[in-house]
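The values are calculated or read from the model by the stated rules, or taken from the named source; none is laboratory data. Since the structure is predicted, the reported quantities are computational estimates derived from the model, not experimental observations. Virtual Cβ from ideal backbone geometry, glycine too; neighbours counted across all protein chains shown.
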Amino acid sequence: MSDPKGPEWTDAEAKASLTPEEAAKERIKHMSRVVCICKGIPLGRVLEGLPGCETVQDVNQKVGTGTGGCQGERCGPRIKILIKKYREHKGST
């Protein structure tokens with residue numbers, strides 16, 4: 001029998017029950033996720049580079065993504081999504 005509240009509810013509930021130390025570890029783990037597989041560039045570095053960037057090429061020049069073996073074929077779409085989310089967040093604040 002499945003959870004009637006869905007996986008989103010369980011994830012939110014699990015996150016709410018984390019201690020501050022566990023939450024910090026989860027944040028580090030999340031920010032360490034690799035966006036650019038070829039160059040090993042983590043999400044945290046890409047997020048730090050987003051301010052002032054309008055295009056994927058801007059981010060690539062700023063943080064070094066898109067210069068590996070795939071020439072941005074793998075990370076380009078991810079960066080495009082991050083730019084969109086960054087703009088939406090920036091517009092709502």
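Rundown of residues vs (1) exposed (fewer than 14 other Cβ atoms within 10 Å of the Cβ); (2) of a type in the set (D, E, K, R), yes/no style:
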position: Arg27; (1), (2): yes, yes
position: Glu54; (1), (2): yes, yes
position: Asp58; (1), (2): no, yes
position: Thr65; (1), (2): no, no
position: Gly72; (1), (2): no, no
position: Cys75; (1), (2): no, no
position: Lys84; (1), (2): yes, yes
position: His89; (1), (2): yes, no
position: Ser92; (1), (2): yes, no
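Taking residues in the stretch 72-93 that are at negative phi, and partners anywhere that are assigned to a helix (DSSP H, G or I), the pairs with Cβ atoms closer than 6 Å and at least 6 places apart or on different chains are Gly76/Val56; Ile79/Val56; Ile79/Val59; Lys80/Val56. Contact map, the stretch 42-66: residues that are small (Gly, Ala, Ser) paired with residues that are modelled with pLDDT under 95, Cβ distance under 7 Å, separation 6+ or inter-chain. Pairs shown: Gly44/Met31; Gly44/Ser32.
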